[in-house]
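Here the structure is laid out as structure tokens; the discussion comes afterwards.
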Amino acid sequence: MMYHVEYDIAAICVTLFITYYLIFKKGLGKHANRVYFILVLISFIAEISDVFGSLANNHPEYTNTFTQDFWNYLYLSTHNLMAFAFVVYLFYLLGYEKKKALFLVTIPYSVDLVLLVLNPAFHLLFYYDEKRTYLHGPAFPVIYVVAALYMIFAIYLSIRHWKKLGRNKAAALIFFLIISFIPTIIQMIFPLYLMSLFFESLGLMGILFSIENKDDVINPTTGILNRYALQDDLDVAMKEINSTLLLIKIPNLHHYNKMIGFENMNVILEQISKWLEEESGDSRCYDCGRGHFAVLCEDVAKSKIEDFQKNTFERFARPWVKGKISMIFPVQFGVIRLPEDTKNVENLFALIDTVFDGKDSCVLDVPKFISEYERRVLIENLIEKALRNKSFQVYYQPIYDVKSGKVHSAEALCRLIDEEHGMIPPDEFIPIAEQNGAILEIGKFVFEEVCRFYREGEIKDQGIKYLEVNLSVIQCMSRSLRITFDEILKWYSMDAGCINLEITESAAADNREVLFETIEKLKNSGFTFSLDDYGTGYSNISYMYEMPFSIIKIDRSILWKAIHPSNGEGEKNALIYMENTIRMLQEMGYKVLMEGVETGKQKEYLESIGCDYLQGFYFSKPIPGDAFEEYLRKINR
Ligand code: C2E
Ligand code: MG
Ligand code: MG
């Protein structure tokens, strides 16, 4: 009876290859799962002991009983430990926390251990005959049953958590299980062919390349882990207590890239990564791109974090050197305690990715950022909900014509009112809608609602010549805007002259070419234009000439500096500036509208200097369509 160890020798080669790959593949060693590492180590010991044990069993004449026993016991205890360790590995991948479950899975392996401990006395697993031939005892099948139990449980876990593991991971795990299961059965029938460890090592290699291979998680520039690795690790860290994520950001990296060139900057980033790795000891460091680094610390004392912060500021106060280039960067340091500060990985990535401008080193206010970000996500959801339910509302604010003493138009202002969260001010939701693109749909909704109101209501008969609709810069950048508007006008059989489009100064300053093109097209359709919030910045007179504005709306800040609504007072120069601005614009051929008129004094003064139109709370706040009709019935009678 001779055991064949050729498969075991092949298994040793495969396992050595895996070990080499884990240790020498740059950056991988630090990231690869510790449990996987242990699994590989156990399989290596099992393979070695299987070879030596089998050789001792084949040729007992060359060894003594102690040596033969040593290898056989070592083999049996390690080989079955693999099955157990594999289930622990799966728990780890799934981020399983339940201590009770972990305890339960140790039970089958404990049975093996009890049998092994009792074996010298009862020979239940194996024994030797008088020629020291190795023979199986009556309880040997228990070892197979225990292994099978673990395998079946592992298959069950992989299938049950298929989604959570991700398709690739789950498929690789099932591959490992099947590949190690088949030869185990063959070996039960032909016990002399020791193939199971070889197939198991192949399975481990499969896992190495599909789960543990972190080629795609290493940042090629700095050689440390990237954001994908961080994402994986955060999933696990969020479930553990006492993790801390440190953020180390160099603000405005693009600026330094321009200054010293990409290649030099990359070398410096590599130096920074190396420094961080040294400083962080056992904790993992990540390069999340754009000069944003993170360090994930598990169970690290508060004082250590404070030291880390102090050392970081100290290091960044000294220059980073590449050849003749010597640079000092500001650094922003953030400390996020998990899971107290946030339970949401998405929040964390927003925090990691956000570029906080700044020229000086500083500590980031993490709780403030997170609450602002959460508010932002809430608003985004409310916008989406309002678009889905068509629950945006349009309010109208009258515009008073000084010459006729009547309300001759109104500005349409969008309202987002949520049952639970109340009114969300446009100053809050419009910028968010501009950033995520929802403004295009909101703009379309408002335009259509305004057309419907103009067409179906009675305001034309009450002397309203046109309605003003605000256009966002994002809408102006859309080449299909004119088609959309024209279609809606056609649908309501309306003339474009009934709508005046308001464009803000900042929008007007953004991208001249596309903006001009859009305005030109809209002008050809018959729309007229107002320049909104004149005087709030970006003032560029040359744009104003080139665009077909007929009305300039002066921002209320100019009026309020000249005549404050609360006390009626103002600065002398502000008054001179306001008067001259109005006169200048009128001389240039524009009609001038003053925003934010709140008091009778302001109204009278503006009338006295000949301002064309007035808008503000003095006349009315923005009100719903029916209330506006009611208002007109009283005012324009
Ligand atoms: P805006 O176009 O300058 O609109 C005038 C804002 O001033 C309105 O604020 C209005 O309620 C407010 N206002 C008017 N008179 C007075 C006054 O006498 N005193 C004070 N304190 N405020 C006055 P609202 O409705 O909160 O809108 C804010 C901004 O949101 C608007 O500024 C506009 O830029 C934007 N917005 C509103 N609706 C839309 C829309 O449908 N589309 C786009 N793109 N932007 C919109
Ligand atoms: Mg406006
Ligand atoms: Mg305005």
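The values are calculated or read from the model by the stated rules, or taken from the named source; none is laboratory data. Keep in mind that this is a model prediction, so the values were computed, not measured. Glycine also receives a Cβ, built like all others from the backbone with ideal geometry; neighbour counts cover every protein chain displayed. What goes into the accessible areas is simple: the full protein's heavy atoms, side chains included, and nothing from ligands, DNA or RNA. Shrake-Rupley method; radii C 1.70, N 1.55, O 1.52, S 1.80 Å.
Observations on the structure shown:
- Helix-only CD estimate at 222 nm, as mean residue ellipticity for the chain, using -39500 (n - 2.57) per DSSP H run (n ≥ 4): -18000 deg cm²/dmol
- Solvent-accessible surface (1.4 angstrom probe) belonging to Arg556, in square angstrom, nearest 10: 120 Å²
- For Lys385, the aspartates and glutamates whose Cα falls under 19 Å of its own Cα, not counting residues fewer than eight places away in the same chain, are Glu374, Asp418, Glu419, Glu420, Asp427, Glu428, Glu434, Glu441, Glu448, Glu449.
- All Cα pairs of the range 6-213, percent lying beyond 31 Å: 20 percent
- The alpha-carbon atoms of the range 375-511, seen along their principal axes, cover 46, 35, 30 angstrom, with the largest extent given first.
- Å³ per residue enclosed by the Cα convex hull of the range 531-601: 84 Å³
- Ratio Rg/Rh [Cα only; Rh per Kirkwood] for the range 352-431: 1.19
- Kirkwood Rh in Å, taken over the range 1-90 so that all alpha-carbon pairs contribute: 14.1 Å
- Distance violations [Cα-Cα > 27 Å] among Lys163/Lys274; Lys406/Lys591; Lys403/Lys521; Lys169/Lys249; Lys406/Lys490: Lys163/Lys274; Lys403/Lys521; Lys169/Lys249; Lys406/Lys490
- Of all DSSP beta bridges in the chain, antiparallel share, percent nearest 5: 60 percent
- Counted over the range 216-364 with a bin width of 10 Å, the fraction of Cα pairs per bin, in whole percents, is 11, 44, 36, 9, 1.
- Rounded percent of accessible protein surface that carbon and sulfur make up, the range 217-328, 1.4 Å probe: 50 percent
- Overall, the chain carries a charge dipole of about 120 debye about its Cα centre when +1 sits on the Cβ of Lys and Arg and -1 on the Cβ of Asp and Glu, all other atoms neutral.
- When you work out D = kT/(6 pi eta Rh) for the chain at 4 °C and 1.567 mPa s, using the Kirkwood radius from C-alpha pairs as Rh and the Stokes-Einstein form, the result is 42 µm²/s.
- Selection from Leu90, Ser49, Gly166 lying farthest towards where the dipole of the range 6-213 points positive, charges on Cβ: Gly166
- For Asn252, neighbours were defined as the other residues whose beta-carbon sits under 15 Å from its Cβ, and their charges (Lys and Arg +1, Asp and Glu -1) total +1.
- Solvent exposure ordering (accessible area, 1.4 Å, most first) of Val300, Val394: Val300, Val394
- Other residues within the sphere of radius under 15 Å centred on the Cβ of Glu520, judged by their own Cβ, net out at +1 (K and R +1, D and E -1).
- Charge tally around Arg556: other residues with Cβ under 12 Å, Lys/Arg +1 each, Asp/Glu -1 each, net -3.
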